[in-house]
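Working notes for the structure below.
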């Protein structure tokens with residue numbers, strides 16, 4: 001039986017990585033084989049492209065080139081990590097996926113939607129998320145959290161954008177959640193980690209029936 005594919009989306013500092021990890025831990029506690037991964041990255045080739053993107057090396061080339069690089073990373077990630085895991089019955093939990101490209105390069109970078117749809121057909125095909133959790137947080141709070149997380153290290157390519165960019169990003173994610181309610185659920189992410197994790201778990205159980213899954217043998221982390 002094919003595994004389930006869950007993605008986490010949202011602005012900088014919204015808690016995506018934390019909540020993805022907590023959900024993976026909870027699934028593994030039930031004996032559900034789980035792959036925890038991220039974008040950009042998640043496979044050997046994609047991790048190389050991640051460095052180029054987040055260092056800002058591709059920014060001078062424009063959002064169209066960034067979109068192509070994200071697509072190249074995603075293609076490697078889907079082919080080598082996501083699709084094989086789903087085919088063997090594992091659940092895949094991914095920190096960012098296609099909605100990040102739709103928002104960052106599409107809405108904010110103004111890349112032609114036809115280009116993005118073409119890239120999605122090539123890189124993703126039918127490997128769409130079964131569920132997308134969008135964590136919603138005021139951008140100023142998220143940026144403060146991101147700065148604290150860096151512990152003095154410099155901001156990455158996207159964290160370094162102006163406040164207006166991040167507020168527009170938040171609005172774009174809200175619109176995605178409203179336009180695709182069958183796949184996306186928006187969670188207000190201003191509570192404690194445990195409170196948000198419980199809300200995520202309730203959504204996963206109600207949408208995907210996680211608590212009813214027969215235990216699988218083993219668990220894998222990407």
Spherically averaged projected area of region 20-104 from its Cα convex hull (nm²): 5.6
Can you sort 204, 52 so the residue with the fewest Cβ neighbours within 10 Å comes first? 52, 204
Computed over the chain, the relative contact order (Cα-Cα under 8 Å, seq sep at least six) in percent reads 36
Efficiency by 1/(1 + (r/R0)^6): what FRET value for residue 1 and residue 180, r their Cβ-Cβ distance, R0 = 30 Å, to the nearest 0.05? 0.75
Region 5-212 - Rg over Rh from alpha carbon coordinates, Kirkwood radius: 0.94
Quick check: residue separation of residue 17 and residue 55 times 0.36 nm, minus the Cα distance between them. What number comes out in nm? 11.8 nm
Measure nothing fancy, just the Cα-based angle from helix 16-29's long axis to the longest principal axis of the chain, in degrees from 0 to 90, nearest 10. 10
For a quick check: sort 110, 4 by the number of other beta carbons within 10 angstrom, fewest at the front. 110, 4
FRET efficiency for residue 88 and residue 64, Cβ-Cβ distance as r, R0 = 35 Å, nearest 0.05? 0.50
Taking the 0 to 90 degree range and rounding to the nearest ten, how far is the long axis of helix 113-123 tilted relative to the main principal axis of the chain, both from C-alpha atoms? 40
Pairwise label distance in nanometres, residue 110 with residue 80, each label 7 Å out on the Cα-Cβ vector: 3.6
Just rank 94, 205, fewest to most, by other beta-carbon atoms within 10 angstrom. 205, 94
Under 1.5 on a/c is rounded, so check that first for region 55-104, then, if it is not, pick prolate when a/b is larger than b/c and oblate when it is not; a ≥ b ≥ c are the square roots of the alpha carbon gyration tensor eigenvalues. prolate
Taking the Cα atoms only, what angle lies between the long axis of helix 44-54 and the longest principal axis of the chain, rounded to 10 degrees? 40
Relative to the present Cα-Cα distance, how much length would full extension add between residue 168 and residue 144 at 0.36 nm per residue of separation? 6.9 nm
Computed helical MRE - 222 nm, the chain, DSSP H runs ≥ 4 contributing -39500 (n - 2.57), nearest 500: -14500 deg cm²/dmol
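Rule-based calculations on the coordinates, nothing more; no lab input. What you are looking at is a predicted structure, and each value in this text was computed from that prediction instead of being measured. FYI the Cβ positions are ideal-geometry reconstructions off the backbone, even for glycines, and counts take in every protein chain you see.
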